[in-house]
Structure formats: C-alpha cells, structure tokens
Amino acid sequence: MLQVTESAAATLADTRSRIGIPDHFGLRIYRGQTDGRSAFAFDFVEDPQDGDEVGETEQTRYFVAPEVATPLAEAVLDAEPTDDGPQLTLKRQE
C-alpha cells in the first residue's frame, strides 16, 4: 500500500489548514486526466469512497482509489524542500 512520510503528512496538514479545510478531511488519490493523458489526481475529502484503501500518518488520513491502488502499492508520497516551499513527490519504496 502507498506509504506517506511524516514530512508529506505535515505538508498536507499545513495545506489543508491554510485553505480552510477541516482537520478530519483526508487526501484522496485517484485517476484523473491531464492534457488527455491519465494522471494521478488529489483532493481533500471528508470520507473515503467504497473500495478505497485507507491509511493514516501523523493524524493525516489518506484514501487510495482502487483504480490506482496497484500502481501506487510500492510507492511513497514524500515532501521535498524547494525554494517555493515543500513539493510533494511520489517515489518507489526502499
């Protein structure tokens, strides 16, 4: 299952707070589209949808939609520092 680092969880919690989303909302990761191509999409939602895998790191809940659970099974969501602030990245689990 997708892993979320403490750094990513802190970045998500900060973002959620900054944009006024309640603390109990989680991040849902699902299949979206960009320029007509499949991509991962992210959104804060109150509850998981049926079939979502559910995880939690540092009191930040996350929900992985079934259609992306397999491709993300060996991935980790991390936050890396940049000049513009933390940037979320997906990497392969070590």
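The values are calculated or read from the model by the stated rules, or taken from the named source; none is laboratory data. Only a predicted model underlies this, so the values are computations on that prediction, with no experimental measurement involved. All Cβ positions, glycine included, derive from the backbone under ideal geometry; neighbour counts span all protein chains shown. Protein only, heavy atoms only, side chains kept; ligands, DNA and RNA dropped before computing areas. Shrake-Rupley method; radii C 1.70, N 1.55, O 1.52, S 1.80 Å.
Structure values in brief
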| quantity | calculated |
| --- | --- |
| Computed magnitude of the charge dipole of the chain (debye, nearest 20; Cβ of K, R +1, Cβ of D, E -1) | 220 |
| Region 30-60: GluC sites (Glu not before Pro) in DSSP coil with no more than 11 other Cβ atoms inside 10 Å | Glu46 |
| Percentage relative contact order, region 1-91, counting C-alpha pairs under 8 Å, at least six apart | 35 |
| Total formal charge among the other residues, if their Cβ is under 13 angstrom from that of Thr89, Lys/Arg +1 and Asp/Glu -1 | 0 |
| Calculated diffusion of the chain, Stokes-Einstein form, Kirkwood radius summed over Cα pairs, 4 °C and 1.567 mPa s, µm²/s | 95 |
| Counted charge near Ala41, where neighbours are those whose Cβ lies closer than 14 Å (Asp, Glu -1; Lys, Arg +1) | -1 |
| The chain, accessible area per residue, ligands and nucleic acids excluded (1.4 Å, Å²) | 64 |
| Estimated inter-spin distance, Glu80 and Glu56, nm [label 7 Å along Cα→Cβ] | 3.0 |
